[in-house]
Every structure is written in structure tokens, then in C-alpha cells.
Amino acid sequence: MTHVSIHVLNQDSAFDFYTNKLGFKVITDVPMGEDGRWLTVCPPDQPGFEIILSPISKSMYSSETAEMLKELVSKGTFGVGLFTSKDIFATYEELKAKGVEFTKPPRKEFYGTEAIFKDDSGNWFSLAQLG
Amino acid sequence: MFAEQYPNIYLYRRIVQAKLFIDNNYADTIELDNIADEAYFSKFHFIRLFKRIYGKTPHQYLIAVRIEKALQLLRSLQPVSDVCYSVGFESLSSFSGLFKRIVGISPSLYLAQQQQLQKQINKAPLTFIPGCFAEKNGWLKNSNFEEAKA
């Protein structure tokens, strides 16, 4: 698999979050006029895995669907991915210091230690240290 | 309850703060002894803990950050010499040598590749976008991108 898409509310803000807070790298950033930009990023050590930071545009969805989708994203409906860390506490402290919002601090569960954080749009990710 | 699961919270914070200090001050002259002092560690203990968490010594990490920032600046098509000094190197030769060792090509060649890439993006943006997404976004019908369809 080469591409996955994450709906974001604002591409400029998402760019800042994914690059400056999560440390992702920009793979492609192509301006497409008034329809936003084609913006893909990847985790630092996974250059072959592109995440499309996709605006919820009215050219892709009807106005009604776009508004509904924006509301669902912003209220944290969608869990969109899982990060694994070799040292979850260090990652947690670093992301927190950078202003990332955690809805669950690292906690030991039967399957490992897990935390949950949100991106700037409201999409949430699990951060886990397995084992 | 949280504290019981998280006994090394202060230790983690000190190491993380040292890492963030490097992230924020990579362009300046950074004395790693000073960071260890500020984190209240002996130099040896600090380097050992830093490497355990981040997989690199603080010095290796500083170099990696500088090279990564250099890559970003070169992608925005800034001249090699400007980039060299902007990211904290004091000599062009040491910058070029380290860059080539880590990235595999010289900074000037990397810049030339990025200039070429930018030209291609400006000329035919749609060639960088999977067709299904371009169509769904209505970009294939956009007259501003007629050249890309030719």
C-alpha cells in the first residue's frame, strides 16, 4: 500500500501539525489553485507510505455531506491510525511538550501500554508500546 | 495510579527537554556539556540515557537535525551556502562532506534535483497526483491544468 487519506479541516494547520509536531516529512506539496493543494506526508522512516492530508472539499462531496463530515471530524469521531513507539513515555512527553492534545495518557493495558492523542482537526491516533 | 506506572517521569522530561533544546537551537553553537549540566546529569549518564531513548548520541542527533533542516531548506530552493550557515555549520566543506555521507549526494546536486522537480511541478502538477484523486477533486476538468492533460 502506498497512500492513505486523512480528512483535515485546514491544510495549513494540518501541515504544521504533521511536520512540526509529529515530525513527518513532506513528500508532495502541489498547489492546485482554489481547490487546495495536493499535500502528502510520511513518517520520518517510512518514505514509501504517503498520507494524503485531504481537505473536505465541496468538489469531492455534496455541501451537506461536507458539512456533516467536518462536524464528525472535529468532534473526534474517527480513529485513523496507530503509532508504535519503542519508548512511549518519551514520545508522550515530547508530543505533550510540543502542544499535542492527549485524551488518554500512557496507561498499562492487558495488550501493552497505550495513549491516545488528537491531531489539529480532531482525528485521533493510538500511541502504543507493544509488549 | 498514573504515577505508579510512570516512576521516571522527571527523568523522561529532562531528556525530552534536552532533545527539544537541540530541535529549537540546532542553528546555534551548542555545547553538549551545557545541555547535560542543565539536565542535571553527568555527561556520561546523559549521553547513555539519550541514546537509549532516541537511538543516537546527542551529537549524532544534532547532526541529523541539521542535515534534515538543510534538506528542507534546499527543497525550498535556497542556495547551498546560505543553507550551510543557516543550519549551524561553520564551514561549507564540513557541511558538504557530512551531507554527502548521510544523504548520498552533494548538497548542490540535491538542490539541482529539487529545482528540476519544482519545474516539473509547475509545468504539469497533475502528473504528481493519482488520477482517481484528481478526478474526484474535479482537477481534471480545471482549465488551469490543461497542459498536464496534453
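The values are calculated or read from the model by the stated rules, or taken from the named source; none is laboratory data. In this text, all values refer to a predicted model and were calculated from it rather than measured experimentally. Heads up, the Cβs are rebuilt from the backbone with ideal geometry, glycines too, and the neighbour counts pull from every protein chain shown.
Tabulated data
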quantity: Residues located in segment B:1-44, provided they are aromatic (Phe, Trp, Tyr) and modelled with pLDDT under 75; calculated: B:Phe2, B:Tyr6, B:Tyr40, B:Phe41
quantity: Complete set of residues in segment A:4-21 that are within 13 Å of chain B (Cβ to nearest Cβ) and surrounded by fewer than 19 Cβ atoms within 10 Å (Cβ to Cβ); calculated: A:Val4, A:Ser5, A:Gln11, A:Thr19, A:Asn20, A:Lys21
quantity: Count - residues of segment A:77-89 that are more than 11 Å from A:Gln129 (Cα to Cα) and either in contact with a Phe, Trp or Tyr (Cβ under 8 Å, 6 or more places away or on another chain) or of a type in the set (A, V, I, L, M) (or both); calculated: 4
quantity: Helices (runs of 4 or more DSSP H) within segment B:13-81 that include 2 or more residues closer than 29 Å to B:Ser108 by Cβ; calculated: B:58-75
quantity: Elements of type strands (runs of 3 or more DSSP E) in segment A:17-131, at least 3 residues being more than 25 Å from B:Gln72 (Cβ to Cβ); calculated: A:79-84, A:101-109, A:112-118, A:124-130
quantity: Matching option when the condition is among the basic types (Lys, Arg) and without any contact (Cβ under 8 Å) to a residue 24 or more places away in the chain, among A:Lys70, A:Lys58; calculated: A:Lys58
quantity: Unique residue being at pLDDT below 95, over 21 Å from B:Leu71 (Cβ atoms) and under 14 Å from the mean Cα position of the chain (by Cα) when the list is A:His7, A:His3; calculated: A:His3
